[in-house]
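The values are calculated or read from the model by the stated rules, or taken from the named source; none is laboratory data. Since the model is a prediction, treat every value here as computed from it, not as a measurement. No Cβ is skipped: glycine too gets one built from the backbone with ideal geometry, and neighbour counts run over all protein chains shown. The accessibility values were calculated without ligands, DNA or RNA, using every heavy atom of the protein model including side chains. Shrake-Rupley method; radii C 1.70, N 1.55, O 1.52, S 1.80 Å.
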Amino acid sequence: SLLLDSAGAGLSLREVWSASMFGEMLSRFVPGNLGTIAYVTQLSPRAGDALIAQVLDRVLFLVVILLAAALSLALADHPLLGLLALGALVAVVLLAVLFYKGVVHWAPLGPAPRDAIERMLQRRSHWGRPYGFACVLSIALMTLLFWLLVVACGGSIDVFESLAAVTLVTIGAALPFSINGIGIREWVFVALLRDNFASKEALVTLAAMTYL
């Protein structure tokens, strides 16, 4: 909501919340969580500004989730995956900077999208800290929910393994390679948690429960 407000997208908090919830439902059936972006953008009277806010939200959250993935994988005794996550984090940041320098300053954007991007970046002191807090809280709640599901399915897991699994699945679901991470989710669970469960059937149950 803060990002949409900074972009001037013209949506109230209630509209953003309802659109995000319905968009999340749509994202369960399309690649790369595109349902939320499409639906929120459609509802806004300034669709271009809303699209920019949504894209910036995805990039910033990806940076936060990659940082959490790198730290949690290292602490969960998966150093190679942690290094890969750290490398991906550096690549995303560099690409974002190059994209901003290239597209915003050199590409022939219209005045409205260019103004929206510049306005959001100039107002980062307004939304930066609340956005960071919301990201951390979101990851913490997802980690807790996943831990509860693991326990319910008869497994055992520590907080760093839970955080690592949540971050990897979230990254996989955000990329347009699968429908909401189907396949990626199962691979992550087998790679990270095969020793935490007594049977493969329990892992399959966990994957189904998290998706449901």
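Remarks
- Only a single criterion out of (1) farther than 22 Å from Ala70 by Cα; (2) in a helix (DSSP H, G or I); (3) open to solvent by less than 60 Å² (accessible area, probe 1.4 Å); (4) in contact with a helix residue (DSSP H, G or I) (Cβ under 7 Å, 6 or more places away or on another chain) is not satisfied by Ala202, namely (4).
- Residue identified as open to solvent by less than 70 Å² (accessible area, probe 1.4 Å), under 16 Å from the mean Cα position of the chain (by Cα) and either of a type in the set (Gly, Ala, Ser) or within 20 Å of Trp187 (Cβ to Cβ) (or both) among Ala50, Ala74, Ala70: Ala70
- Taking every residue in segment 109-128 that is in a loop (DSSP other than H, G, I, E, B) and pairing it with any residue that is modelled with pLDDT under 75 and of a type outside the set (A, V, I, L, M), at least 6 positions away or on another chain, the pairs with Cβ-Cβ distances below 6 Å are Arg123/Ser6.
- Of all residues in segment 81-99 being modelled with pLDDT under 90 and open to solvent by 60 Å² or more (accessible area, probe 1.4 Å), the one that is nearest to Phe160 (Cα to Cα): Leu95
- Residue list for segment 134-175, restricted to those being open to solvent by 70 Å² or more (accessible area, probe 1.4 Å) and free of Cβ contacts under 8 Å to residues at least 40 places away in the same chain: Leu137, Leu141, Leu144, Leu145, Trp147, Leu148, Val151, Val159
- Test: residue in segment 25-44 that is closer than 22 Å to Phe133 by Cα, open to solvent by 60 Å² or more (accessible area, probe 1.4 Å) and not acidic (Asp, Glu): no
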